[in-house]
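The values are calculated or read from the model by the stated rules, or taken from the named source; none is laboratory data. Here the structure is a predicted model, which is why all the values come from computation and not from measurement. A quick note on method: Cβ atoms are made from the backbone with ideal geometry, for glycine too, and the neighbour counts reach across all protein chains shown. When the accessible area is computed, the model is the full protein with side chains, heavy atoms only, and any ligands, DNA or RNA have been set aside. Shrake-Rupley method; radii C 1.70, N 1.55, O 1.52, S 1.80 Å.
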Amino acid sequence: MLRLGPVSRLAKAGVLGINSRNLDFIISYNPRRLYPLVDDKVITKKLAIEAGVTVPELYGVIRYGGEMHIIEEVAQKHRSFVVKPSNGSGGGGIMVFNGVAKTGLRRMNGQIVPWPDVRYHLNNMLSGMFSMGDGSDQVMIEERLVPHSAFSKLAFGGVPDVRVIVFRGIPVMAMLRLPTAESDGKANLHQGGIGAGIDLVTGITTRGVQHNDSVDVHPDFETPVRDFQVPSWSEILELASRLGKHVGLGYVGVDIVICENKGPTLLELNARPGIAIQTANLKGLRPLLLPIHKLPSVPDDVHERIEIAHANWRGEPLDRFIAPGDEPVR
Amino acid sequence: MKQTQLLIIVGALIAAALGIFSYKVTRLGFPVVPNLDSDTWTIEAKISFRGRGDPVTLRLALPNSEGPFTVVDESFVASGFGVETDNSEAGRQAIFERRAQDGSAVLFYSAKLISVDQRYSSQNRPTPDAVSDFRRSERRRAIQENATPLLVALDSVLTEALEKSAGERSFIAQLARLSSDEGDDRISTIIEGGPPEISNASDRLVFLLNAAGTPARHVQGIILDTDTRQAPLQTWIEYWLGDRWVSASGTTAEPLDDARALPIVYDRQPIVSGDGFTRLGVSWSVARNFESQLSRALERGQEYAPWVNATSLLSLPIDLQLVFRVLLLIPLGALIIVILKQVIGMPAFGTFMPVLIALAFRETQLITGIMLFVGIVAVGLLLRAYFNQLQLLLVPRLAAVLIIVTFVMMFIALAGEAMGIQTGLSISLFPLVIITMTIERMSLTWEEDGASEALKKAAGSLAGAIPAYYILTSEYIEHIAIVFPELLLIVLAGVLLLGRYTGYKVTEYFRFKVLANEGRN
């Protein structure tokens, strides 16, 4: 064991590093064959519907360059929608439109994207430019989710979402991701979005970070980002826990958007959720993951799992959740 | 379980690598560093002359394989000349011929010489005859019949040397000592009365040795000492001692290092002869080869452990060897990448991009490489941005960038040539593809994550390429890799071990500093 100062300090804080995340959790708990379930958002959507989870409505799928007319049909019918690569990663390629003009489609910031540019962008998506792996991809056209009104002074130009890390079907940590002017309406942290740690039991934000620096207020609205009660928190936990268990991946990130009218809605699943959530919560993941790793089995009932999640978050020992006769995993 | 398996594999790999390595080093004497105790050499003769428009015949004396060196890989560069080699009594010769030569011409001859340890040479050569009209038996008879002062002086010198010596070797040394003393009356008698060609001390020694019945001859050749473009022709003598010719100094008869003295012509034969030319100039250059001890080790391996030679890359043809010289370094580059990515956490484009960039730099040198790389990538980025405005599809756009990069490289090469800048620029297919891929990846990152992220990754890729470049161009590492490819098993073991590394990356210490500080409070 290395005993260097910073090493032991990080370890003491229970920080989960990328190497450890990959080896100890992703390789061990996420069978490779299940990756397509989360990497392909069309499949994820079917799976979520099976699990009884609310999803954004799918307006259409463009598979080939020749199906470009679909975008025009959808635009005429729904006016407000999102296009995204089915196998996209990190939010790449996603474009949100909320209106149709004669010359093109209107983006959230009012800018009109001319039709040729739209088609070019979709073609780039089809050729796999924003996708994991290589080769081609398909474009999904989805309902544009309208965020809950509670976020009106917290999300700039985009849709905020909640990321829940679910381990063996048990939520272990969560954060609220808020888009900013800097992140161009995207909620991704590495693009300048704000990440706010959430108390897993109460659903109240504890602190915010932007670019790894602690922030107390949203830079665009000056509204505080801490002590904010995330709406429908218990439903969010239930959705995450239910889907995390159903999809079969042991270690998964569930991204949820809280909609004004539909309530918590699944945005996407992530088989390799990032580790920045630890900075947002000022808490290492490792001490939360290890007790669950030691559980011999996990209950099938979603409410029992959430009970475990609460106890785990409070730092209580999980011995009482081990069924008699079961030996804890070493 | 996985851990134990891995440790067993790693242990086995390291043990195998070290085992083969130490056997090759200690038993077969494979050199661990290049250029160690070298005894193979490349010599090159450059013959320049002017022709008068007449037929030219030029004979160049060549070293032969019968002496202390084996001559291999001979080659001639003589455009317009017919070349043939000839093995006559006078020695080996190359004969260059041309029907008419007007103006100056330059001919080249080069050969690789491998020093042969004559003690182990299995050939039994017949003892040559001593060439002298004054040999012992005739001398005795001649003195009885007609005691000329020359014969008496000769006999006296030889008898004194014989009396003062214990064996053949010390007899020669005594003879050399006596012969060099020109104040001695007997020696001056020999100088005056002897054959006219005895003009200096070494000629005299050859004459005396032959008179004593020890075959000796006069040698002109090159002392292989250091790499030089102007190796002087030197003279020394050879005498027959035991069962071989010994090269020795002409004045003291002190033996020379056999592995260094390359004889070219004997008995005052000319190095270059022929007719039809004027203003002859001959210069010899000498270069030491690196694989010297290696070839000796290979010889030894042939005897003791044929499997070593059979599995050695050095048995491959030289052009394939050259390929492997680069290929074998790629595992090391991969190790660097693994360390940079898993342990340090350096941002970079793609997985192996830094190593590929380093390979591209290998062909251009580092500084030129970095400048070219930055320049070409910048031009490429601009063009790619323009192509993006034209709304081209992904693959055709990549192809267009590739074509433009080709042109940029072409113009740089032409401009460099026109301005007389020798960049040492040898652009091959490889850098072309690498640079194109870099441009595409960089512009994507630029669009999606912003300029700072793209520049950070570009800097990371370059920063990774620099250590990789030094490893990929190190002469020592290249030598080790091609002579001891088994050591790459250790690299494999290291990579496997790092494959189970669950510790923090160096960058994570900075990223989670706030958490670490929290843990301390």
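Table for the structure above
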read-out: Residue under evaluation B:Gln342, criteria (1) farther than 22 Å from B:Ala465 by Cβ; (2) in a helix (DSSP H, G or I); (3) within 14 Å of chain A (Cβ to nearest Cβ), criterion not met; value: (1)
read-out: Strands (runs of 3 or more DSSP E) completely within region B:1-114 that count 3 or more residues being over 18 Å from the mean Cα position of the chain (by Cα) and within 30 Å of B:Val246 (Cβ to Cβ); value: B:56-62, B:82-88, B:91-98
read-out: Entirely in region B:464-521, the helices (runs of 4 or more DSSP H) that have 1 or more residues that are open to solvent by 50 Å² or more (accessible area, probe 1.4 Å) and more than 9 Å from chain A (Cβ to nearest Cβ); value: B:475-483, B:488-499, B:506-511
read-out: Test for B:Glu453: is it touching a His at 6+ places or on another chain (Cβ under 9 Å), at pLDDT 75 or above and surrounded by fewer than 18 Cβ atoms within 10 Å (Cβ to Cβ); value: yes
read-out: The one condition in (1) open to solvent by less than 40 Å² (accessible area, probe 1.4 Å); (2) in contact with an Asp or Glu (Cβ under 6 Å, 6 or more places away or on another chain) that A:Glu57 fails to fulfil; value: (1)
read-out: Any hit, region B:68-80, residues being open to solvent by 60 Å² or more (accessible area, probe 1.4 Å) and hydrophobic (A, V, I, L, M, F, W, C); value: yes
read-out: Test: residue in region A:225-239 that is more than 17 Å from A:Val162 (Cβ to Cβ) and among the charged types (D, E, K, R); value: no
read-out: So A:Pro85, is it under 25 Å from the mean Cα position of the chain (by Cα), open to solvent by 60 Å² or more (accessible area, probe 1.4 Å) and either modelled with pLDDT under 90 or within 30 Å of A:Val247 (Cα to Cα) (or both); value: no
read-out: Flag if A:Met129 is touching a helix residue (DSSP H, G or I) at 6+ places or on another chain (Cβ under 6 Å) and either among the small types (Gly, Ala, Ser) or buried (at least 18 other Cβ atoms within 10 Å of the Cβ) (or both); value: yes
read-out: Filter result for B:Phe407 (farther than 14 Å from B:Leu462 by Cα and within 14 Å of another protein chain (Cβ to nearest Cβ)); value: no
read-out: The listed residue being open to solvent by less than 30 Å² (accessible area, probe 1.4 Å), within 30 Å of A:Leu282 (Cβ to Cβ) and not hydrophobic (A, V, I, L, M, F, W, C), out of A:Asn22, A:Asn30; value: A:Asn30
read-out: Residues that are at pLDDT 80 or above and closer than 14 Å to B:Gly67 by Cβ, drawn from region B:237-254; value: B:Ile237, B:Glu238, B:Tyr239, B:Trp240, B:Trp245, B:Val246, B:Ser247, B:Ala248
read-out: Where A:Arg320 falls short, out of the listed (1) closer than 24 Å to A:Gly88 by Cα; (2) at pLDDT below 90; value: (1)
read-out: Test: A:Asp39 is surrounded by 15 or more Cβ atoms within 10 Å (Cβ to Cβ), within 26 Å of the chain's Cα centre (by Cα) and closer than 20 Å to A:Lys186 by Cβ; value: yes
read-out: Cβ-Cβ under 7 Å pairs, at least 6 apart or on other chains, region B:499-516 side under 20 Å from A:Phe25 (Cα atoms), far side surrounded by fewer than 16 Cβ atoms within 10 Å (Cβ to Cβ) and of a type in the set (Lys, Arg); value: none
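Condition check ((1) of a type in the set (Phe, Trp, Tyr); (2) in contact with a Pro (Cβ under 7 Å, 6 or more places away or on another chain); (3) closer than 23 Å to A:Val74 by Cβ; (4) buried (at least 23 other Cβ atoms within 10 Å of the Cβ)) across all residues:
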{"position": "A:Gln138", "(1), (2), (3), (4)": "no, no, yes, no"}
{"position": "A:Glu143", "(1), (2), (3), (4)": "no, yes, yes, no"}
{"position": "A:Ser152", "(1), (2), (3), (4)": "no, no, no, no"}
{"position": "A:Phe167", "(1), (2), (3), (4)": "yes, no, no, yes"}
{"position": "A:Pro171", "(1), (2), (3), (4)": "no, no, no, yes"}
{"position": "A:Asn188", "(1), (2), (3), (4)": "no, no, no, no"}
{"position": "A:Val201", "(1), (2), (3), (4)": "no, no, no, no"}
{"position": "A:Asp213", "(1), (2), (3), (4)": "no, no, no, no"}
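Yes/no per residue for (1) away from chain B (no Cβ under 14 Å); (2) under 14 Å from the mean Cα position of the chain (by Cα):
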| residue | (1), (2) |
| --- | --- |
| A:Gly158 | yes, no |
| A:Pro171 | yes, yes |
| A:Ser183 | no, no |
| A:Gly192 | no, no |
| A:Gly195 | no, yes |
